[in-house]
Amino acid sequence: MVFIFVDESGIHKQTGYAVLALVYVPFEALAAVEAAVMEIEQGLGVAAFHWSDQRWKFRKRFLERVCTCEFSVKLAVCPNPPREAQWRERALQHLVVEKHIARVAIDGRSRVGTSGD
């Protein structure tokens with residue numbers, strides 16, 4: 001079973017790229033990953049890390065530390081504005097292929113729970 005955390009970046013901008021990011025954390029690693037992230041945030045002196053609130057130097061330090069945790073990432077990158085109205089839904093069809101999903105959190109909010117089937 002996995003937990004999937006979904007976030008978007010650049011969606012509201014009219015230039016550049018829009019990114020849909022999915023972070024997959026195995027069920028058995030969730031508590032350790034959450035504890036590690038809280039420890040990293042505390043060590044960097046922030047209450048909660050949010051990408052858009054930080055400069056690149058800070059982002060780099062956060063990423064260097066969090067990369068030691070057990071998780072994987074899948075990304076979809078689309079020119080912005082997207083050529084296709086339903087690009088997010090189409091991207092999710094390709095990115096979410098696991099059968100045993102415990103929960104999906106979008107922008108930090110739990111949206112979906114499954115029985116694991």
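Any residue that is hydrophobic (A, V, I, L, M, F, W, C), without any contact (Cβ under 8 Å) to a residue 60 or more places away in the chain and in contact with a Leu (Cβ under 6 Å, 6 or more places away or on another chain) - is there at least one of those in segment 57-75?
Quick first cut of segment 57-75, residues hydrophobic (A, V, I, L, M, F, W, C) only: 58, 62-63, 66-67, 69, 71, 73, 75.
Next cut, without any contact (Cβ under 8 Å) to a residue 60 or more places away in the chain only: 58, 62-63, 66-67, 69, 71, 73, 75.
Adding the requirement that they be in contact with a Leu (Cβ under 6 Å, 6 or more places away or on another chain) leaves none.
Within segment 57-75 (the criterion being hydrophobic (A, V, I, L, M, F, W, C), without any contact (Cβ under 8 Å) to a residue 60 or more places away in the chain and in contact with a Leu (Cβ under 6 Å, 6 or more places away or on another chain)), the answer is no, since none of the residues qualifies.
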Say we look at segment 99-117 and pick out the residues that are within 16 Å of the chain's Cα centre (by Cα) and more than 23 Å from H12 (Cα to Cα); which of these is modelled with the lowest pLDDT?
V112
Which numbered condition V19 misses (of (1) at pLDDT below 95; (2) over 17 Å from L75 (Cβ atoms)):
(2)
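Could you tell me whether segment 79-88 includes any residue that is over 20 Å from D107 (Cβ atoms) and small (G, A, S)?
So far as segment 79-88 goes, yes, one or more of its residues are over 20 Å from D107 (Cβ atoms) and small (G, A, S).
The values are calculated or read from the model by the stated rules, or taken from the named source; none is laboratory data. Just so you know, these numbers come straight off a predicted model, no measurement behind them. Neighbour counts run over all protein chains shown; Cβ positions are idealised from the backbone, glycine included.
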